[in-house]
Structure formats: structure tokens, C-alpha cells
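A.B. asks: Just dropping this structure here.
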Amino acid sequence: MLRSLVGSEMCIRDSLERLPLIYGTFKWKPSDEQKVRDVVIMILQGKQMDTIDDGALDTIEGAIQAIRDMGLEALCMQHRHCFNTADFWEEVARQAELGIPGSQIRQHWVTHLDPDINTGEWGIEEKKRLRELALLYNESDWRKIAKELDTGRTPAACLSKWQRGLSTSLVRSGATAAWSSLEDSDLRKAVEEHGQNEWLMVAKCMQTHRRTAAQCLQRWSKTVCSHKKGFWNSVEQMQLTCAVAAYEDKGADKGDRSEKGDVAWALVQRHVEGRTDMQCRERWINICSKHTATFTQSDDHKLLQVYAEMRASSKDGQISWSQIAREMGGWSDSQIWRRWQKLVPIEQVDDYKRRRDMKKRLIPPKFTHHTEARD
């Protein structure tokens, strides 16, 4: 009994020693993919050369030239059986010199580089057949689904198409679908079990509700999670100031702008316990970095002038108060909006609100920019 346990332990230890300590991810570049294609072509051309029969010199030279003129698709058609062997891909890895094993190159080839992969538009009959196969295999065995579909689609492409356009249950529970009280309750239980960082595991617990990890994170951070409201204490204020200083100029690609530059508000929010990214942004822009000086007569004149210019250039008559604030320099969009209401007749303010509300009724809320909805 002891001997068998020792033997089993040695086998396990031997297996672990052959495994890499860290499974790194390789970021493919177009040049890397082209290098793999070139190596595959070279290897397959060599295999095609081996099929040339001995004969007259001019015949052999003609055959060699014909092989050199063969494209990747023709070579793959002739030697597709080679792709099923590990030795072939290890040879590709050795010649490509990318620093990754042949198995990883093979996986990328199958999913991205194989010329037989169909990347064109999905046809009506093709989508109909995909729907039938997905229901037949209970939306799970995508390798078998892709094989039986037999249109050159990868399993990943079939799954993506199903999730994004064909699954009525997934489409129906999209980002705009209302959450029920039962879903909120199940979400709380899932977060209590897995924490606020494992959203894939949380989404797995929400499979019966057809919610994705992104939807669970959005619902939790914006609604379910109990956030503080109202008065900011000195600790929160200090946390906000330090976080903005740390993450300023890191939110340019997200479109989050502060008075001092670009801020990644989603990162700032992580350091201010109990506050959302929107609360942090509004607090910083409207209070912390607030322009403390009063409006002068020249400021009022410039505000009305910028407003008139923007109103004239706007096709639908809508105004971006954040853009006016940038033109004015130093003022927040809320300050500009409140000051404008004091400078113009009440009838003009009511007319603006009426047009704004009409637009909100005509356009879905997720397409209406928050800076156009000042109260």
C-alpha cells in the first residue's frame, strides 16, 4: 500500500515538473501571423517537392515552378492531413522562432489563420441551420455544431453569432432588459459567494437568467450595491483628491474629462469606498475643481455668444453644455447651464426644456448624452 502511494506521488511529481510554471499569453501581431503563413507555405512546398517523380530535367523544373506558384489554399488542400500531427506544428514553431510552442500556433491557426475559415457574411439558410443545430445540441457542443454546419465557420464564430444575433433568450435579456427582484436577489447571493472581482463566476450563477458578466457588473455597481448618498466626509474627500491625482490623464480614450484633464473615473471609484464613478466625477467637476469666481459681464457676453453660435450650427437645435464649458474655460457644464437660465427669458428656457424632453422621448435613453439632460 505504501509503495503504491509513493509510486503515485512520484508520477504526479514527474508530471508537474514537465509543466510550465506560468502559462503566459502571446499577443499576436500581423507580422507574427504572416511569418507563420510563410513557414507553413515553405514546409508544405517541401512536402509537395517530395511527390515529384524523376524524369526529364525540363519536366522537373516545370513541376518545381508550378509548386512555387501554388498558393496557401492549394497547398493546404493537398496536405491538410499534416495539420493533425504535433510534429508538423513543432517544426513550424522551430522555424517561426516566436518563442511559443507548436500547440499554441496550431490553436491560433485553427481559429484565425486557416484559409478555409469562412469570415464572410452569414446567409439566411446558414443562420437557420445554425439555429437548428444550436437547439439540437442544447447550445453546448459548438465543435460538433460547427462541423455539422459545414460552411467553414469555426466553433467560436458559431457561438458568437448565436449569442449576438440568433438566441432570442440572450437578446431578450440584453443590457436594456429590466432586472426583476428575483434576479437582484440571486445576484446578491452570487456576489456574496464569489466576491466583487470574479464576475465570470457570478455570471455562471446567473445562467438561468441569461445574464453576462458585464451585465452583472453593471447592475451591481450601479444599482444593487448599496452606495453612499449625500454628504461627503473628509476621508472621502481626501480619497477622491488622491485618486484623481493618480489617475489624471488616463481616461482620454474613455471620454471622461475633468477641469484639469482626462481622468479614468472607473479607476478613481475603486479608491473611494461606497461611491460610484459618476458620483466621483460629479463631485470633482462641480465641487472640488469648481471655478470659484463669479461671472463677470464679459463672461456673460461670451456665454451667450458661444450659445448662439452652437445653436446656429446645431442641426437639431440641441446644445452640449460641456462643450460650451470647454469654450468658456474653467467653468463646469452645470455652472454654465445654471448661469444661462438666469441670463435668458424664462420662455426661452421653457422652450429649450420642451425640445430636450421631446428628443428624449424619440431617442432611446442609452443614446442620449448625459450632458444634454441638465435640470
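The values are calculated or read from the model by the stated rules, or taken from the named source; none is laboratory data. It should be emphasised that the depicted structure is a prediction, and the values quoted were computed from it without experimental measurement. We place every Cβ from the backbone using ideal geometry, glycine too, and count neighbours over all the protein chains shown. When the accessible area is computed, the model is the full protein with side chains, heavy atoms only, and any ligands, DNA or RNA have been set aside. Shrake-Rupley method; radii C 1.70, N 1.55, O 1.52, S 1.80 Å.
A.B. asks: State all residues of the range 204-227 that are under 21 Å from Asp277 (Cβ atoms) and among the aliphatic types (A, V, I, L, M); if no residue qualifies, say none.
C.D. replies: Answer for the range 204-227, where residues must be under 21 Å from Asp277 (Cβ atoms) and among the aliphatic types (A, V, I, L, M): Ala213, Ala214, Leu217, Val224.
A.B. asks: Looking only at the range 296-316, count how many residues are within 19 Å of Lys353 (Cβ to Cβ), open to solvent by 20 Å² or more (accessible area, probe 1.4 Å) and among the hydrophobic types (A, V, I, L, M, F, W, C).
C.D. replies: Counting residues in the range 296-316 that are within 19 Å of Lys353 (Cβ to Cβ), open to solvent by 20 Å² or more (accessible area, probe 1.4 Å) and among the hydrophobic types (A, V, I, L, M, F, W, C) gives 3.
A.B. asks: Mind checking which residues of the range 148-165 are surrounded by 13 or more Cβ atoms within 10 Å (Cβ to Cβ) and closer than 20 Å to Leu113 by Cα?
C.D. replies: Leu149, Thr151, Gly152, Arg153, Thr154, Pro155, Ala156, Ala157, Cys158, Leu159, Ser160, Lys161
A.B. asks: So which of Thr51, Thr59, Thr111, Thr85 is exposed (fewer than 15 other Cβ atoms within 10 Å of the Cβ) and at pLDDT 85 or above?
C.D. replies: It is Thr85.
A.B. asks: Restricting to the range 194-219, count the residues that are assigned to a loop (DSSP other than H, G, I, E, B) and more than 20 Å from Arg270 (Cβ to Cβ).
C.D. replies: Here the count works out to 4.
A.B. asks: Would you confirm, using the coordinates I've provided, whether Ile105 is open to solvent by 50 Å² or more (accessible area, probe 1.4 Å) and either under 25 Å from Cys158 (Cα atoms) or over 33 Å from the mean Cα position of the chain (by Cα) (or both)?
C.D. replies: No: the conditions fail for Ile105.
A.B. asks: For residues that are surrounded by fewer than 17 Cβ atoms within 10 Å (Cβ to Cβ) and among the polar types (S, T, N, Q), scanning just the range 317-361, find the one that is modelled with the lowest pLDDT.
C.D. replies: Out of the qualifying residues, it is Gln318.
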